[in-house]
Amino acid sequence: MFHATTILAYKGPNAAVIGGDGQVSFGDTVLKNNATKIRSLYNGEILAGFAGSTADAFNLFDMFEEFLSQRKGDLVKAIIDFSKAWRKDKVLRRLEAMMIVLNKEHIFILTGTGDVVEPEDGEIAAIGSGGNYAISAARALKKHSNLDEENLIKESLNIAADLCIYTNKSIKTLKL
């Protein structure tokens with residue numbers, strides 16, 4: 001578990017949304033409050049977010065974008081190739097980061113060991129130190145509210161920020 005951030009994604013019936021807070025921590029010190037840890041990839045067809053070391057995450061984003069280009073935006077094939085490369089590469093295996101990637105059809109968590117996890121419900125995924133708080137809130141709000149996908153992400157991340165000291169309320173979202 002990374003004490004670095006909270007990223008939450010929801011592949012709902014009307015939209016795919018990813019959100020993240022803006023806090024960058026180093027130990028018990030906040031270095032920055034408004035970082036952007038999510039991005040749109042492959043001509044806006046894929047959303048991604050990271051938790052963990054910022055430098056490592058930027059390397060992973062760049063590498064993953066190469067696999068997306070090689071696979072012409074096929075998320076599943078790019079994920080398989082990417083996870084193989086991550087697991088085999090001696091440098092990449094040492095990276096301290098996790099990613100969530102999604103499009104309108106699929107959502108995946110990519111771990112620092114090269115594992116690929118598709119959420120059991122196929123709809124909601126979270127990573128980072130506040131991930132468990134955010135996913136719990138998202139599941140409850142999905143069941144007991146009429147929030148659209150983007151507002152569900154924002155509210156869930158706000159709840160996580162109330163509970164996790166490594167998560168703040170400088171929330172950004174991207175939507176497909």
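The values are calculated or read from the model by the stated rules, or taken from the named source; none is laboratory data. All values derive from a computational prediction rather than experimental measurement. Using ideal geometry, Cβ is built from the backbone for each residue, glycine included, and neighbour counts are taken over all protein chains shown.
The table that follows gives values for the structure above.
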{"item": "Scan of region 138-154 for residues that are farther than 17 Å from LYS11 by Cβ and in contact with a helix residue (DSSP H, G or I) (Cβ under 9 Å, 6 or more places away or on another chain), ordered by number", "result": "ALA140, SER145"}
{"item": "Identity of the residue in region 1-38, of a type in the set (D, E, K, R) and out of contact with any Asp or Glu (no Cβ under 9 Å at 6 or more places or on another chain), that ends up modelled with the highest pLDDT", "result": "ASP21"}
{"item": "Subset of region 17-26 (residues that are crowded, with 22+ Cβ neighbours inside 10 Å and outside any loop (DSSP other than H, G, I, E, B))", "result": "VAL17, ILE18, GLY19, GLY20"}
{"item": "Filter result for the condition that a residue is in contact with a His (Cβ under 6 Å, 6 or more places away or on another chain) and farther than 15 Å from LEU8 by Cβ, over LEU41, LEU75, LEU60, LEU110", "result": "LEU75"}
{"item": "Only listed residue being closer than 21 Å to SER40 by Cβ and among the basic types (Lys, Arg), chosen from LYS88, LYS142, LYS172", "result": "LYS172"}
